[in-house]
1. Scanning for something within 14 Å of ligand 2 (Cβ to nearest atom), outside any loop (DSSP other than H, G, I, E, B) and surrounded by 18 or more Cβ atoms within 10 Å (Cβ to Cβ), does the stretch 181-196 turn up at least one residue?
2. Inside the stretch 345-368, can you point out the residues that are free of Cβ contacts under 8 Å to residues at least 60 places away in the same chain and part of a strand (DSSP E or B)?
3. May I ask you to verify whether residue 307 is surrounded by 19 or more Cβ atoms within 10 Å (Cβ to Cβ) and within 11 Å of ligand 1 (Cβ to nearest atom)?
4. Where in the stretch 219-284 are the helices (runs of 4 or more DSSP H), entirely inside, with at least 1 residues that are at pLDDT 95 or above, more than 22 Å from the chain's Cα centre (by Cα) and more than 11 Å from ligand 1 (Cβ to nearest atom)?
5. From the list 350, 429, which one is surrounded by 18 or more Cβ atoms within 10 Å (Cβ to Cβ) and closer than 20 Å to residue 173 by Cα?
6. Is one or more of the residues making up the stretch 402-423 within 18 Å of the chain's Cα centre (by Cα), on the phi > 0 side of the Ramachandran plot and outside the structural domain of residue 325 (by TED's automatic domain parsing)?
7. Consider residue 371 carefully, then state whether it is part of a loop (DSSP other than H, G, I, E, B), assigned by TED's automatic domain parsing to the domain that holds residue 273 and surrounded by fewer than 21 Cβ atoms within 10 Å (Cβ to Cβ).
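The values are calculated or read from the model by the stated rules, or taken from the named source; none is laboratory data. This is a predicted model, so every value here is computed, not measured. Positions of Cβ are generated from backbone atoms using ideal geometry, with glycine treated the same way; all protein chains shown enter the neighbour counts.
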Ligand SMILES: NC(=O)c1ccc[n+]([C@@H]2O[C@H](COP(=O)([O-])OP(=O)(O)OC[C@H]3O[C@@H](n4cnc5c(N)ncnc54)[C@H](O)[C@@H]3O)[C@@H](O)[C@H]2O)c1
Ligand SMILES: [Zn+2]
Ligand SMILES: [Zn+2]
């Protein structure tokens, strides 16, 4: 094992394993790689760029290379190089630069003793992936393989894995939580101190995603899929869990009047989750008539094609001036959150799911004097089994929300269409098995 493999060059970093070396043009005169990728034991891929240096001594250059690696830990290079030697490769949809996705060979994921490697059969494109693709959110830093809404079949298990075996149909939480911190122990795994999100590359959150033939994840975040649940529908479980969690933190007891603001993917699922939780009357507001049509089909009692003050007037009219008990806000802009606060009754709850804007202004006096509860909702905390049950029993319908199931090789094209806001697109699910068939 070299210094590099053992991680001896930097004790502060976790041990790294070099899994790919650059092709010839990236090899220095001394035969040392200048570009290479590494894979951490948590499967995150890192692309390293070492500046060429003139050095008379190869040994010295090697030293310099190691220190450059150390410094380059967060280097954003758009070059991901194909591996050389005996490292098994798989196909993955790589975001090599913003707005640039390609099918590339990357090393198979490593599988630690407590990890399970899954052959991905379906992975949904999330709205956050589309924002990440364009670079606006800063939450996906190329080069990265995105994808966190996945399902598939167990392909191999680590030596310490007990609950799963090869061939099991599974899905997994998009959050990799530690299971040990104060928040995890209380069941708030979405708030884990050591939280990592699969397929999100952003500082300490960096973690390779599931737009690939295989992915390895810790056993503790895995769920077995019921027979009746297809892989495609299972790719919706993450979003359904988000909706169920939002309704849980709203502390709905049944019989409430609810306003859902923004009936995109999350709003349409939240609407159905609110209904399943026993809410009696549900209003849906959006500025897009096609979304409102879907909201009506999926059970909204009334759809409202208004925003801002006009929306407030209409909701107050519909509730005889009282306001609704709960607002589920699934847009995340100043205007819609203000409308939510104006539409809720005194002592009511506005649950904030949407987060397009990083910050907003707040009408403090209204919130204080009307004693309104603003409740944030982040991802999910153990709602996956309930989400499976909701889909299987038809209490939450996801079929209408899936626009297309496409092979991974068409991923770049679908991302571009979603990014261009082509009308009537909802969830697109990519199937990497098609790539495997085509390339073997
Ligand atoms: N808290 C979480 O855990 C979590 C998880 C997933 C998504 N989100 C956030 O939830 C929000 C919705 O996500 P999505 O995937 O459903 O997005 P989406 O794009 O599918 O839906 C957004 C909807 O808001 C509507 N809208 C936009 N401006 C509006 C306005 N002024 N008034 C009324 N409606 C308006 C759009 O027409 C669209 O239907 C995003 O902000 C996303 O980042 C949060
Ligand atoms: Zn998502
Ligand atoms: Zn934790």
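1. yes
2. Once the filter is applied, which keeps residues that are free of Cβ contacts under 8 Å to residues at least 60 places away in the same chain and part of a strand (DSSP E or B), the stretch 345-368 yields 345, 346, 347, 348, 350, 352.
3. The answer is no for residue 307.
4. 265-276
5. 429
6. no
7. Yes; evaluated as a whole, the condition is true for this residue.
Residues are listed down the side, and each one gets a yes or a no for (1) part of a loop (DSSP other than H, G, I, E, B); (2) touching a strand residue (DSSP E or B) at 6+ places or on another chain (Cβ under 6 Å):
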| residue | (1), (2) |
| --- | --- |
| 379 | yes, yes |
| 391 | no, no |
| 394 | yes, no |
| 400 | no, no |
| 405 | no, yes |
| 410 | no, no |
| 414 | no, yes |
| 418 | no, no |
